[in-house]
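Here's the structure, in structure tokens; my notes come after.
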Amino acid sequence: STVICVFEKDAIQIDEDLLSNSERSLETLVSVGMRLGISKRSGRIDELPNMETCKLE
Amino acid sequence: GHGSSRADASDDSSGDGHARHHHSRFSRFRRRFRSNRHDHGSDPPLVKNLAADDFAGIARIEIISAEMQFKDRWFACLSLGERTYRTETSDHTEKPIWRSEKKLVLEKDGPTIARISVIETNRLSKNNLVGYCEINLLEVLSQESENNIEELSLLDPSSSSTTVGSISILCYVEDPIETEKFFARRILSVVDLNGDGKLSYSEFAELINAFGNQVAAIKTEDLFKQADKNGDGVVDLDELATLIAVQQENEPLINNCPVCGESLGKLDKLNDMIHMTLCFDEGTGNQVMTGGFLTDKEASYGWIFKLSEWAHVSSYDIGLRSGSSASHILVVDRRTKGLVEEIIDGKIVLSMRAIYQSKVGLTLINTGVKDLLQNISEKQGKRMNSHESAKDIPKFIEFFIGQLKMDEAKYPIEYFKTFNEFFIRELKPGARPIAYPERDDIAVCAADCRLMAFNSANESLRFWIKGRKFSIQGLLGKDTCSSAFVDGSLVIFRLAPQDYHRFHVPVSGTIESFVDIPGYLYTVNPIAVNSKYCNVFTENKRVVSIISTSEFGKVAFVAIGATMVGSITFTKNEGDYVHKGDEFGYFSFGG
């Protein structure tokens, strides 16, 4: 079974790691509730760190 | 012949004065693993905290031994990111000893969670994963400790709360400068043709030529004099190693990797050194642990082991191995950044390829198989709702061992009276934390699944969906689709049989509508999605729901049925306000 979500144009900035795996034709194993992306309309995109450049402290 | 990394690692017991001296210098820079009762090393550790910013270099991990609960022949696999390595197979014992070491590159922002799997093997049955553990290298290598051996519990793949044995490992990070010297010493030993531990001028000149640096070749004599401190006309390896380490610091001597010939200096010094160290080890077969595998499952296939013992597999070639090589699917685990192999029964793969990836197969579908799929699914639905079906639950859990964790389920196995009840099992409250629950501008994943995400339908067609007739309008239907959706982003959540089968809302908002679109029940497996002859997303039975949100505008949520699992149930109604992460419905067996 599959769920497909379609967002309107320019509505969401999908997380970079998910996009880059997909560009390599690789699916990403995720769980319910993991971050998917941020609204482009909220104007708060810059507030959150990019998942890929996130470092553990 | 220049020794092996295993021999290097055990220099401390060689009794050779030279080696002992080297080992002493080398081990002073080890960052020790966290405390344990064992004490493997004899040198007092000089411990430096490893900051996250500095987390790049080479980690040395040695898998020493394990204590299992029964006798068998065992091997272990070590996975980090997209690479997996395996030890040799032990004797028939419950206490296997491997003493296998592997160097791993730790990159800034790269994977940090290493997984060790212990697999039983014998002539009568296939290899079985018995236990595993995970180590956050960033965490353990940054801790100060006196000792360097760790004993870790091995967990049951089907229940992370059950221990099935223990494993001892040694883990530390090499200091980059020491690694550079260490590498220089090893490569210099290659040109020490008479093996006297010293290089004559002609041997030295040969080495400089091999480095491919024209400037250095002109200055060979000067460099030699610089290294030959006592002026006796020969230079010992320590002197040369120091020279090269110092020289690399100022004006790099080495332009090309002497092993593979690749030109260096494109990135930075550290990367060059890492490249050469690993190239040298891999290229000469010096590492005790063999590599080149993508997952621990792949490493356990004997025939792949023979074929690809030293093969490098480009990460860009992976993913679905389509066409004639489609036998398994690889996915990236977002949490560990490692690759996981999805289990599909071999017979199913063959039949799916026959049906979905050939014109003949699709012609068959057009001449009645569509109805057949519907009938099979309805029949299967009835069967899975019978009490008789409950006896299939333990076998199902066994087949997906390691990928289905019953300790997360709200109820134990005995609670489920039918297979379908088990299939739509709920999870314990809090089993799936919701990211940023207070922020509606952040969307979350809608299912436990394998996810693909694209900024546009065109990108999805380029990288994943190969059905020639796919379009957003075809997916949503004319009544629901708008021009904003046509150019919008697309996220595909594919649930595998072993997954938790309830889906959740990815965004907060009001449910505007549900539209049923009748259709067939093709499989939604990537083998079909990747077939140009098949248009599963636009021809399968599905329900399109529109959620109206303040942060994302309208979001279309399409639940698509598939072969056998064709029943779609929603647990929310039109007009309901939903919070992201709320349960939205489930898929179950049936037509």
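When the residues of the range B:398-409 are filtered to those that are not in a helix (DSSP H, G or I) and not aromatic (Phe, Trp, Tyr), which remaining residue is surrounded by the fewest Cβ atoms within 10 Å (Cβ to Cβ)? Let's see the steps before the verdict.
Quick first cut of the range B:398-409, residues not in a helix (DSSP H, G or I) only: B:400-405, B:409.
Right, trim to not aromatic (Phe, Trp, Tyr) and you get B:401-405, B:409.
Working: B:ILE401: 16, B:GLY402: 19, B:GLN403: 18, B:LEU404: 21, B:LYS405: 19, B:ALA409: 18.
The extreme case among them is B:ILE401.
Go through the range B:544-586 and report how many residues are farther than 24 Å from A:ARG35 by Cβ and buried (at least 20 other Cβ atoms within 10 Å of the Cβ).
9
Please find, among B:ASP499, B:ASP479, the residue that is under 21 Å from B:PHE584 (Cα atoms) and among the acidic types (Asp, Glu). Working first, answer last.
On the way: B:ASP479 fails: under 21 Å from B:PHE584 (Cα atoms).
After applying the criteria, what remains is B:ASP499.
Would you mention how many residues in chain A are modelled with pLDDT under 90, farther than 22 Å from B:LEU495 by Cα and facing chain B (nearest Cβ under 7 Å)?
8
What are the pairs, 6+ residues apart or on separate chains, where a residue within the range B:94-108 that is modelled with pLDDT under 85 has its Cβ under 7 Å from a residue that is surrounded by 14 or more Cβ atoms within 10 Å (Cβ to Cβ) and aromatic (Phe, Trp, Tyr)?
B:LYS102/B:TYR85; B:LEU106/B:PHE55; B:LYS108/B:PHE55
Considering (1) over 21 Å from B:PHE552 (Cβ atoms); (2) more than 8 Å from every other protein chain (Cβ to nearest Cβ), say which one B:SER483 fails and leave the rest.
The single condition B:SER483 does not satisfy is (1).
Checking B:GLY581 against (1) at pLDDT below 95; (2) at the interface with another protein chain (Cβ under 8 Å from one of its Cβ atoms); (3) touching a His at 6+ places or on another chain (Cβ under 9 Å), only one condition comes out false. Which one?
(1)
For B:GLU408, work out the one condition from (1) out of contact with any helix residue (DSSP H, G or I) (no Cβ under 8 Å at 6 or more places or on another chain); (2) more than 13 Å from chain A (Cβ to nearest Cβ); (3) acidic (Asp, Glu) it doesn't fulfil.
Every listed condition holds for B:GLU408 apart from (2).
So B:LEU476 ticks every box in (1) more than 8 Å from every other protein chain (Cβ to nearest Cβ); (2) under 21 Å from B:SER567 (Cα atoms) but one. Which box is left unticked?
(1)
On the given criteria, is B:PHE589 touching a residue at least 60 places away in the same chain (Cβ under 8 Å) and of a type in the set (Phe, Trp, Tyr)? Lay out the reasoning, then the answer.
Details: touching a residue at least 60 places away in the same chain (Cβ under 8 Å): yes; of a type in the set (Phe, Trp, Tyr): yes.
Considered against the rule, which asks whether it is touching a residue at least 60 places away in the same chain (Cβ under 8 Å) and of a type in the set (Phe, Trp, Tyr), B:PHE589 comes out as yes.
In this structure, is B:ILE517 of a type outside the set (D, E, K, R) and either free of Cβ contacts under 8 Å to residues at least 24 places away in the same chain or at the interface with another protein chain (Cβ under 7 Å from one of its Cβ atoms) (or both)? Write out each step before concluding.
Values: of a type outside the set (D, E, K, R): yes; either free of Cβ contacts under 8 Å to residues at least 24 places away in the same chain or at the interface with another protein chain (Cβ under 7 Å from one of its Cβ atoms) (or both): no.
Against the criterion (of a type outside the set (D, E, K, R) and either free of Cβ contacts under 8 Å to residues at least 24 places away in the same chain or at the interface with another protein chain (Cβ under 7 Å from one of its Cβ atoms) (or both)), B:ILE517 does not qualify.
Filter the range B:410-445 down to residues that are farther than 26 Å from B:ASN385 by Cβ and more than 28 Å from the chain's Cα centre (by Cα) and give me whichever is surrounded by the most Cβ atoms within 10 Å (Cβ to Cβ).
Here is the first cut: in the range B:410-445, the ones farther than 26 Å from B:ASN385 by Cβ are B:429-430, B:432-445.
Add one more test, that the residue is more than 28 Å from the chain's Cα centre (by Cα), and what stays is B:429, B:437-441.
Working: B:PRO429: 7, B:PRO437: 14, B:GLU438: 6, B:ARG439: 17, B:ASP440: 18, B:ASP441: 23.
Result: B:ASP441.
Just checking, which of B:SER145, B:SER159, B:SER202 is under 30 Å from B:GLN69 (Cβ atoms), surrounded by fewer than 20 Cβ atoms within 10 Å (Cβ to Cβ) and modelled with pLDDT of 65 or more? Step through it out loud before you land on a result.
Details: B:SER145 fails: modelled with pLDDT of 65 or more; B:SER202 fails: under 30 Å from B:GLN69 (Cβ atoms).
Testing whether each residue is under 30 Å from B:GLN69 (Cβ atoms), surrounded by fewer than 20 Cβ atoms within 10 Å (Cβ to Cβ) and modelled with pLDDT of 65 or more leaves just B:SER159.
Kindly indicate which of B:THR569, B:THR563 is among the polar types (S, T, N, Q) and more than 11 Å from chain A (Cβ to nearest Cβ).
Just a single option satisfies the conditions, and that option is B:THR569.
Residue by residue through the range B:482-511, note down the ones that are touching a residue at least 60 places away in the same chain (Cβ under 8 Å) and more than 28 Å from B:GLY430 (Cα to Cα).
Result: B:SER482, B:ALA484, B:PHE485.
Restricting attention to the range B:460-473, and to residues there that are in contact (Cβ under 8 Å) with a residue 12 or more places away in the chain and in contact with a strand residue (DSSP E or B) (Cβ under 9 Å, 6 or more places away or on another chain), which single residue is farthest from B:PHE493 (Cα to Cα)?
My answer is B:ILE472.
The values are calculated or read from the model by the stated rules, or taken from the named source; none is laboratory data. Given the structure is predicted, the values throughout are model-derived calculations rather than measurements. When we count neighbours, we look across all protein chains shown, and the Cβ atoms used for this are built from the backbone with ideal geometry, even at glycine.
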